[in-house]
Amino acid sequence: MNGDFCNQDGARKLKAKIEEYWTERGFDVSINLVEAGFVPAMRSARTDVRSNMVNGMPPRKKSDQRAQPGKSSTYLRGVG
């Protein structure tokens, strides 16, 4: 199935996309894949994509690019 992010291959692709997106913008993001096994409702195995993001945002900028006093650390939500 094309675009299925619940299987192992799709979850890996989604993980890579999310990491690439936030790394390009200077953020640290931690993403883990968790094998959930067979799920009767889905009639298949499932792989969960879990991260340390809150409300879709990583918790911190990379340590070498932290905002300096007097400089704003803005981002454009939904761009990209």
Take the residues in region 37-52 that are closer than 17 Å to residue 15 by Cβ and part of a strand (DSSP E or B), then tell me which one is modelled with the lowest pLDDT. 45
Pull out all pairs, ordered by first then second residue, where Cβ-Cβ is under 9 Å, the residues are six or more apart or on different chains, the first lies in region 53-69 and is more than 16 Å from residue 32 (Cα to Cα) and in a loop (DSSP other than H, G, I, E, B), and the second is hydroxyl-bearing (Ser, Thr, Tyr) and at pLDDT 75 or above. 62/23
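Of the residues in region 11-63, how many are β-branched (Val, Ile, Thr) and more than 8 Å from the chain's Cα centre (by Cα)?
The qualifying residues number 5.
The values are calculated or read from the model by the stated rules, or taken from the named source; none is laboratory data. Because the structure is predicted, anything quoted here is derived from the model rather than measured. Note: ideal-geometry Cβ built from the backbone for every residue, glycine included; neighbour counts use all protein chains shown.
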